[in-house]
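Any read-out appearing in this document is the output of simple, stated calculations on the displayed coordinates, not a laboratory observation. Note that this is a predicted model, so its numbers are computed, not measured. Counting neighbours? That spans all protein chains shown, and the Cβs are built from the backbone with ideal geometry, glycine included.
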């Protein structure tokens with residue numbers, strides 16, 4: 001079984017696949033394979049080689065007609081996470097993968113968030129995720145923006161702490177899109193082992209994140225150390 005994450009950047013998709021490496025002593029390590037950027041069709045062709053759970057870091061669609069934004073995006077924005085831009089390449093990836101089974105929660109009963117049922121990946125191995133929200137969920141905090149060097153550091157350290165290993169070189173050598181693909185792949189692994197939650201309206205698409213529940217807020221207090229700055233004259 002491969003646990004795959006796809007990050008979308010314009011016309012190109014970045015694919016990371018994780019595989020479990022079990023040893024006599026815990027923890028389970030996750031061996032990462034990073035693929036060359038390619039089109040949606042190229043990436044989907046690679047995913048046909050064997051069984052895989054796939055997290056796509058791109059909106060699956062838009063809001064319902066009476067709304068200006070999807071419920072999942074509103075809920076994450078309220079927690080300090082900006083929505084991802086809708087990408088045509090992401091739409092094509094979902095379209096090509098739909099036959100495998102797209103995740104949608106059962107019996108949501110009006111809720112906008114809830115746990116993913118154990119074994120959901122067997123019937124629905126494909127779902128939408130959000131890399132920044134994945135890192136926030138793993139940290140329990142609002143991680144700094146990618147433009148901040150400390151934000152990049154926290155993201156890479158989190159992947160290392162989750163025992164993701166990159167034989168092709170340290171994760172520090174990777175592009176940010178590859179780091180986001182690895183975070184999405186980690187979410188696919190959490191989804192498969194039954195430790196994930198969803199947020200949104202099932203009728204327009206939900207976002208899946210690691211953790212048994214989505215916190216009511218991601219605090220940003222104290223995340224970035226305070227530094228002195230000299231006032232301008």
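Output the direction-averaged projected area (hull surface divided by four) of the convex hull of the alpha-carbon atoms of the stretch 58-124, in nm².
Working: hull surface 22.6 nm².
The Cα convex hull of the stretch 58-124, projected and averaged over all directions, gives 5.6 nm².
Model label sites at residue 232 and residue 78, defined 7 Å from Cα along the beta-carbon direction, differ in position by 3.7 nm.
Roughly how compact is the stretch 2-210, stated as its Cα Rg over 2.2 N^0.38 Å to two decimals? Please list the in-between numbers first.
Numbers: Rg = 15.9 Å, N = 209, 2.2 N^0.38 = 16.8 Å.
Normalised Rg, Cα atoms only: 0.95.
Placing a label point 7 Å from the Cα of residue 195 along the Cα-to-Cβ line, the residues of the stretch 4-24 whose backbone N sits under 17 Å from it are 4, 18-23. A protection proxy built from the mean count of other Cβ atoms within 10 Å ranks the segments 205-213, 14-22, 164-172, most packed first, as 205-213, 14-22, 164-172. Summary value for the stretch 2-210: 32 percent relative contact order, contacts being C-alpha pairs under 8 angstrom separated by 6+ residues. Calculated from the alpha-carbon coordinates, the stretch 1-76 shows an Rg and a Dmax of 16.2, 55 Å respectively.
Arranged from highest to lowest average of other beta-carbon atoms within 10 Å per residue, in what order do the peptides 64-70, 52-58 appear? Kindly include the intermediate steps, with their values, before the conclusion.
Values: 64-70: 11.3, 52-58: 27.4.
Ranked by mean Cβ neighbours within 10 Å, highest first: 52-58, 64-70.
Can you compute the label reach from residue 153? Point 7 Å from Cα along the Cβ direction, backbone N cut-off under 14 Å, restricted to the stretch 192-233. Label zone hits: 223-228. With the highest mean first, a sort of the peptides 107-117, 216-226 on other beta-carbon atoms found within 10 angstrom per residue produces 107-117, 216-226. Summary of the geometry: the stretch 142-184 and the stretch 196-233, compared by the centres of their Cα atoms, lie 16 Å apart. Computed over the stretch 19-126, relative contact order equals 27 percent, with contacts defined as Cα pairs under 8 Å that lie 6+ residues apart. Restricting attention to the chain, close to 60% of DSSP beta bridges with both partner residues there are antiparallel.
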